[in-house]
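Below: the structure, in structure tokens.
The values are calculated or read from the model by the stated rules, or taken from the named source; none is laboratory data. Here the structure is a predicted model, which means the values were calculated and not measured. Glycine gets a Cβ as well: all are built from the backbone with ideal geometry, and neighbour counts include every protein chain shown.
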Amino acid sequence: MNSIFFKVITYGTSDYEASVALRQEVLRTPLGLVFSPEELEKEAHHIHLVGFSDNKLIATASLVPEQSACKMRQVAVHSCMQGQGIGSKLVDFCESYAIEKGYQSIHCHAREYAVPFYTKKGYVPEGEYFMEVNIPHLHMRKVLSTL
Ligand SMILES: CC(C)(COP(=O)(O)OP(=O)(O)OC[C@H]1O[C@@H](n2cnc3c(N)ncnc32)[C@H](O)[C@@H]1OP(=O)(O)O)[C@@H](O)C(=O)NCCC(=O)NCCS
């Protein structure tokens, strides 16, 4: 596998548009859904973190700043690149960013089939499964350590 590098990108740039395209392909199209303009407008206030390989954007996630925590959402790795440790490194990058900014925990709504992935990354379920975008999700959280 070629080396991957991660960075924070700016809302509205061509990198951001590429991240939306990747999320549409990996997260929405399989469910028969599309992003609405209203949904994407809200993302102006989110932090967008992405991974590149060979100058191609192949992984993406967003963080929604809250008070002492932030919410991680829209975690996606290009379908040809899944299962190679990239999602794990992307989550590590999100966590490092959140620690640097002083957040004490990260939480997410994990799709049922991705729950084992988040469990391996140290995320713990909170509550019961619920429906979102027509599929079961579990609220999961990881307390961040600065040690
Ligand atoms: C879920 C996703 C982000 C994981 O990224 P990835 O690059 O494929 O995962 P990694 O290769 O980094 O896997 C890290 C570990 O989690 C495990 N894992 C990853 N996805 C898993 C799954 N769906 N079920 C069980 N285990 C999984 C891997 O086997 C690996 O285990 P190991 O450390 O023991 O080898 C990616 O597969 C993806 O984009 N899936 C489609 C979109 C999606 O479901 N996003 C999450 C929405 S909540």
## Note on the structure
Among residues of the stretch 55-73 being at pLDDT 95 or above and over 19 Å from Ser96 (Cα atoms), the residue surrounded by the most Cβ atoms within 10 Å (Cβ to Cβ) is Ile58
### Task
Filter the stretch 9-30 for residues that are β-branched (Val, Ile, Thr) and surrounded by 13 or more Cβ atoms within 10 Å (Cβ to Cβ) and give the result.
Ile9, Val20, Val26
### Task
Give me a count of the residues in the stretch 112-142 that are surrounded by 12 or more Cβ atoms within 10 Å (Cβ to Cβ) and farther than 22 Å from Thr29 by Cβ.
13
### Task
Inspect the stretch 99-106 for any residue being touching a residue at least 40 places away in the same chain (Cβ under 8 Å), in a loop (DSSP other than H, G, I, E, B) and surrounded by fewer than 21 Cβ atoms within 10 Å (Cβ to Cβ) and give the result as yes or no.
yes
### Query
When the stretch 1-23 is examined, which residues are found to be among the aliphatic types (A, V, I, L, M), part of a helix (DSSP H, G or I) and touching a strand residue (DSSP E or B) at 6+ places or on another chain (Cβ under 7 Å)?
Ala18, Leu22
### Query
Hey, any hits in the stretch 92-105 for a residue that's within 11 Å of the chain's Cα centre (by Cα) and either near the ligand (Cβ under 7 Å from one of its atoms) or at pLDDT below 95 (or both)?
no
### Message
Here is a check on your reading of the model: is Val26 β-branched (Val, Ile, Thr) and not in a loop (DSSP other than H, G, I, E, B)?
### Response
yes
### Task
Would you be able to say whether some residue in the stretch 31-53 is surrounded by fewer than 17 Cβ atoms within 10 Å (Cβ to Cβ), within 15 Å of Met81 (Cβ to Cβ) and within 15 Å of the chain's Cα centre (by Cα)?
no
### Query
Given the conditions (1) within 14 Å of the ligand (Cβ to nearest atom); (2) at negative phi; (3) outside any helix (DSSP H, G or I); (4) in contact (Cβ under 8 Å) with a residue 24 or more places away in the chain, which single one is not true for Gln74?
(2)
## Note on the structure
Here the residues within the stretch 125-147 that are out of contact with any helix residue (DSSP H, G or I) (no Cβ under 9 Å at 6 or more places or on another chain), more than 10 Å from the ligand (Cβ to nearest atom), in a strand (DSSP E or B) and without any contact (Cβ under 8 Å) to a residue 40 or more places away in the chain are Glu126, Gly127, Glu128, Phe130, Met131, His139, Val143
### Task
Determine whether the stretch 9-29 contains at least one residue that is more than 15 Å from the ligand (Cβ to nearest atom), modelled with pLDDT of 95 or more and under 17 Å from Glu100 (Cβ atoms).
yes
